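First comes the structure, then the notes that go with it.
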Amino acid sequence: MQPRRMTIIAIILLTVLSRFIPHPPNFTPVIAIGLFGGAYFNRKILAIAVPMVAMFVSDYFLGFHTSMIFVYLSLTIIVGFGILLQSKLKIGTVIGASIGSAILFYLITNFGVWAIGAWYPKTIDGLIACYIAGIPFLKNTSVSSLLYTGVIFGAFELLKRTVPALQPITIKNK
């Protein structure tokens, strides 16, 4: 396997391991690994599969829950945001994608909590109450998204500068 691909996979796996360290609610690398996988894998199947499998394996050990489908739906869309970043990898676009992804994650997962949970009435007022109750989680998600995204994107960019084998493979036309 190519050194670049192996390094990207290793970064994702190491980042997912941080889910096992005690942390505040929703202070996880989920968004960062989705953006990172999408931004750096050249093959879309790997961009989606590697973060999904890594998350699934960690969820196996951490425990499954009823709203996981909404987490995985969010992660899939976030990988898509990462794919869109591939040609625009600049600090500003990565920060924007990180913040936008945190908001998207909040909207989708809180909708899921409202839709399948028993905590809120299935009314517009119940949905609004669910979103209001989720605001502290949005804060943690946003901060962790920016932190983890900055660390893993920054680390890989630094590695690329010092290890030529990590540069993307380009095909030259004759």
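Rounded to the nearest 20 debye, the dipole magnitude of region 46-163 is 340 debye, with +1 charges on Lys and Arg beta carbons, -1 on Asp and Glu beta carbons, and the Cα centre as origin. Considering helices alone, the calculated mean residue ellipticity of the chain at 222 nm is -24500 deg cm²/dmol, with DSSP H runs of length four and up weighted by -39500 (n - 2.57) and normalised per residue. Exposed loop positions in the chain were taken to be chymotrypsin sites (Phe, Trp or Tyr not before Pro) whose DSSP state is not H, G, I, E or B and which have at most 11 other beta-carbon atoms within 10 angstrom. Between these positions, the longest stretch is 1-63.
How large is the dipole of region 1-98 about the Cα centre if only Lys and Arg carry +1 and Asp and Glu carry -1, each at its Cβ, rounded to the nearest 20 debye? Dipole size: approximately 380 debye.
Put the Cα centre of region 92-158 next to the Cα centre of region 1-66 and the gap is 17 Å. Ranking GLN167, GLY34, GLN86 by Cα position along the charge dipole of the chain, where only Lys, Arg, Asp and Glu carry charges on their C-beta atoms, puts GLN167 farthest toward the positive end.
Read the figures in this text as sums done on the coordinates, not as results from a lab. Keep in mind the model is a prediction, meaning the values are calculated, not measured. Note that each Cβ is placed from the backbone with ideal geometry, even for glycine, and that neighbours are counted across all protein chains shown.
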